[in-house]
Amino acid sequence: MYSEKVMDHFQHPRNMGEIENASGIGTVGNAKCGDIMRIFLDIDENGIIRDVKFKTFGCGAAVATSSMATELVKGKSIQEAMKVTNQAVMEALDGLPPVKVHCSLLAEEAIHAALWDYATKNNIKIEGLQKPKSDIHEGEEEEEY
Ligand code: FES
């Protein structure tokens, strides 16, 4: 039912954890199942994603897609990261069962939410980025001045 790549990323997730003083943090919830995903981005002064970590309270498919998504955005520019859609992540994982497609949206949305957080903090505009609908804004208070 699951591809080998999905199983591999589920069993050995890449980039799990958090980043202290992250440039951007995005937290989103999946309305369908109630699962939660948080992405931390460390972005350098040239707009390159130096590091990325994720934490999830979610299913195996959410873990695998987040793991793959972090691999796909690491070392990339913000514009390149914007192209990492859930479709791209699923292709990189050799597909997901149809009932699990919604899980892959968590990673994409959390990355966008983290980029939005970064853009807001730095007062910049990221081409094509929309305000995240489901950003939970958890823990943001402590990051304010
Ligand atoms: Fe909730 Fe997969 S069932 S993210």
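The values are calculated or read from the model by the stated rules, or taken from the named source; none is laboratory data. Fair warning: this is a prediction, and the values are worked out from it, not measured in the lab. Heads up, the Cβs are rebuilt from the backbone with ideal geometry, glycines too, and the neighbour counts pull from every protein chain shown. The accessibility values were calculated without ligands, DNA or RNA, using every heavy atom of the protein model including side chains. Shrake-Rupley method; radii C 1.70, N 1.55, O 1.52, S 1.80 Å.
Numbers at a glance
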read-out	value
The chain: relative contact order in percent, alpha carbon pairs under 8 Å with at least 6 residues between	29 percent
Heavy atoms of SER3 accessible to a 1.4 Å probe, total area in Å² rounded to 10	20 Å²
Of all accessible heavy-atom area on the chain, the percent that carbon and sulfur account for (1.4 Å)	51 percent
Theoretical ellipticity at 222 nm over the chain - DSSP helices of four or more residues, -39500 (n - 2.57) apiece, nearest 500	-12000 deg cm²/dmol
Proximal lysines relative to LYS32, as straight alpha-carbon distance under 23 Å, when same-chain residues fewer than 8 apart are discounted	LYS55, LYS100, LYS131, LYS133
Counted charge near ALA88, where neighbours are those whose Cβ lies closer than 13 Å (Asp, Glu -1; Lys, Arg +1)	-3
For the range 16-145, accessible area per residue (1.4 Å probe, heavy atoms of protein chains only), Å²	52 Å²
